[in-house]
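Peer 1: The structure follows.
The values are calculated or read from the model by the stated rules, or taken from the named source; none is laboratory data. Bear in mind the structure is a predicted one, so any value in this text is a computation, not a measurement. When we count neighbours, we look across all protein chains shown, and the Cβ atoms used for this are built from the backbone with ideal geometry, even at glycine.
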Amino acid sequence: MTSEAGATEVSSREGRQPWRVRLAAPDLGAEELDAVAQVFASGLLTDGPVAQRFEAAFAEVHGTSQAVAFSSGTVALAAIQLGLGIGAGDEVIVPSITFISTATSVVHVGATPVFADVHADTFNLDPADVERRITPRTRAIIAVHYGGQAADLAALADVADRAGVALIEDAAEAHGATYQGRPVGGFGQAAMFSFTPTKNMTTGEGGMVTTNDPVLADRLRLLRNHGQRSGGGPVHLIGFNWRMSEIAAAIGEVQLRKLDAALQRRRRNAAALTAALSGIPGLVPPASRPDREHTFMLYTVLLDHRAAAQDALAAAGVESRVYFPPAHREPVLQHDGHPLPTTDAVADRMLSLPVHCTVDQEMLRALTELALPAHVR
Ligand SMILES: Cc1ncc(COP(=O)(O)O)c(C=O)c1O
C-alpha cells in the first residue's frame, strides 16, 4: 500500500531520490482485502458469482443492459471486434494519441488500424477527419475517451451511422465519465473499460465490456470462455481464456463502490491544479468541455519545454510522464502516411501530472510553486 501522497521507494528520473509523489497510486485497503478473503474462503476462484455481481453493478452504473468482464482491457477490445465480425481485410479508424493497444487490438483480429487526427484541446478524435478516413473497407471507429473525458460521441455516432460502420468506445480511462448527462459506455455498439492500477478504479489487471446488445454480449461471453457457456458444454466457436478471476472481480466490486468519491477527489485536485497553473506562460492546462464530465484519469498539460519541466518535477520528487507517445510513429504499426497535423503538433508538448485521489496540498504546491514555474523563470 502507498502513503497519502503515493510515495514509494521507487527511484526518480535521476535514479537518486525516491519519488515523493507517484503519477498514479491505487487506493486499496481493508475493504478490498476483506472481499478477497471471502473469495479465498469460498474456494471458487473463477467462473463464479462475484464476477457476475461485478458485471451487473458495472452495467447499472454505466446505464447499459449488459456487461461482460475480461482479464484485460486489451483482450476485451479485441473481443468486441471479433464479436462484431471484424477481421482480415477490414479497416478500423483509431486516434494515434492513445495507449498502443487501441491500435494493436485491431491488428490482433487481423484488421488494419487507420489513424485519424484529434482535437488540440481534448486529444480526442476529430469527427471531420474521421469522416475523411472512411473507405469501403472501414468497419468500425474506436473513439478513445482520452484521460477520462468523453470523445465527441454525437458527431462520431453520426459519422458511423452515415457510413454504416460500428462505433466502439475505448473507455479504458473513463469509468463514470458522462457525455450530455449520460454515462459513457452505451453510445456505440459496445465499450471497453480497463482496470490496470493506474486507472480510477482497479482490479490489478482486468477489463469490462458494456453493451445494450444481448446477442453481442452472449458472443463475448463465449469468446472469453473457449467458446463454451459458463460451466462447460458444447463448443460454439473458437474462443480464448479471457476470463476475469473471482479475486479480481471482488476487488472490482469494492472499487466500483468507491468510484464516485474517487472521481470527486480527482475533480477537486484537477480544479486546484488548473487554478494554480493558469497564466503560466507556455503552459496550457487541460480543457474540460461543458457538455461532459471529465474524470481526470489523466491530467495532461501542453507545454513548450517538456524535458526541462520533467527534470524540475523530478528534482521535487514528483513523477510525470508522456501519455502517450503517438501510435502512428511506431514502426510496427505501418501508418499509411496521410497527415495528422494536430496529433503531430501536440505530441511533443503533452505531459501528464499526478492528480490521483491521494494527491495532497503539499504536492500541489510542489507542482505549482516549485517545479513548473522553475522552467519558465
Ligand atoms: C486508452 C486505452 N486503451 C486500451 C488500454 C488497454 O487496457 P489494458 O491495459 O487493461 O489491457 C488502456 C490502458 O491500459 C488505455 O489507456
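Peer 1: Any residue in the stretch 187-202 that is surrounded by fewer than 22 Cβ atoms within 10 Å (Cβ to Cβ) sitting within a Cβ distance under 9 Å of a residue that is in a strand (DSSP E or B) and of a type in the set (Val, Ile, Thr)? List the pairs, counting only those 6 or more apart or interchain.
Peer 2: Every condition considered, the pairs that remain are Gln189/Ile168; Gln189/Thr211.
Peer 1: So for the stretch 251-258 (the condition being within 16 Å of the ligand (Cβ to nearest atom), within 18 Å of Ala177 (Cα to Cα), assigned to a helix (DSSP H, G or I) and of a type in the set (Gly, Ala, Ser)), does at least one residue qualify?
Peer 2: Looking through the stretch 251-258, at least one residue is within 16 Å of the ligand (Cβ to nearest atom), within 18 Å of Ala177 (Cα to Cα), assigned to a helix (DSSP H, G or I) and of a type in the set (Gly, Ala, Ser).
Peer 1: Report, ordered by the first and then the second residue, all pairs with beta carbons closer than 7 Å, sequence separation of six or more or different chains, a first member in the stretch 277-297 that is closer than 21 Å to Arg265 by Cβ and among the hydroxyl-bearing types (Ser, Thr, Tyr), and a second member that is more than 16 Å from the ligand (Cβ to nearest atom) and outside any strand (DSSP E or B).
Peer 2: Ser278/Pro285; Thr295/Leu263
Peer 1: With under 20 Å from Ala57 (Cβ atoms) and more than 11 Å from the ligand (Cβ to nearest atom) as the only criterion, which of Gly186, Gly227 stands out?
Peer 2: On the way: Gly227 fails: under 20 Å from Ala57 (Cβ atoms).
Only one candidate passes the filter, namely Gly186.
Peer 1: For Gly29, indicate whether it is at pLDDT 95 or above, at positive phi and surrounded by fewer than 14 Cβ atoms within 10 Å (Cβ to Cβ). Don't jump to the end; show me each part of the working.
Peer 2: Details: at pLDDT 95 or above: yes; at positive phi: no; surrounded by fewer than 14 Cβ atoms within 10 Å (Cβ to Cβ): yes.
No: the conditions fail for Gly29.
Peer 1: List, please: which pairs have Cβ atoms under 7 Å, are six or more places apart or on different chains, and start with a residue in the stretch 88-99 that is touching a residue at least 24 places away in the same chain (Cβ under 8 Å) and of a type in the set (Ser, Thr, Tyr) and end with one that is assigned to a loop (DSSP other than H, G, I, E, B) and within 15 Å of the ligand (Cβ to nearest atom)?
Peer 2: Pairs that qualify, where the first residue is touching a residue at least 24 places away in the same chain (Cβ under 8 Å) and of a type in the set (Ser, Thr, Tyr) and the partner is assigned to a loop (DSSP other than H, G, I, E, B) and within 15 Å of the ligand (Cβ to nearest atom), are Ser96/Pro326; Thr98/Phe324.
Peer 1: When you look at Val209, is it within 26 Å of Leu333 (Cα to Cα) and buried (at least 24 other Cβ atoms within 10 Å of the Cβ), yes or no?
Peer 2: Values: within 26 Å of Leu333 (Cα to Cα): yes; buried (at least 24 other Cβ atoms within 10 Å of the Cβ): yes.
So Val209 passes the test.
Peer 1: Further, regarding this structure: Kindly indicate the residue of the stretch 113-155 that is in a loop (DSSP other than H, G, I, E, B), out of contact with any Pro (no Cβ under 9 Å at 6 or more places or on another chain) and aliphatic (A, V, I, L, M) and also nearest to the ligand (Cβ to nearest atom) among those meeting that condition.
Peer 2: Ala150
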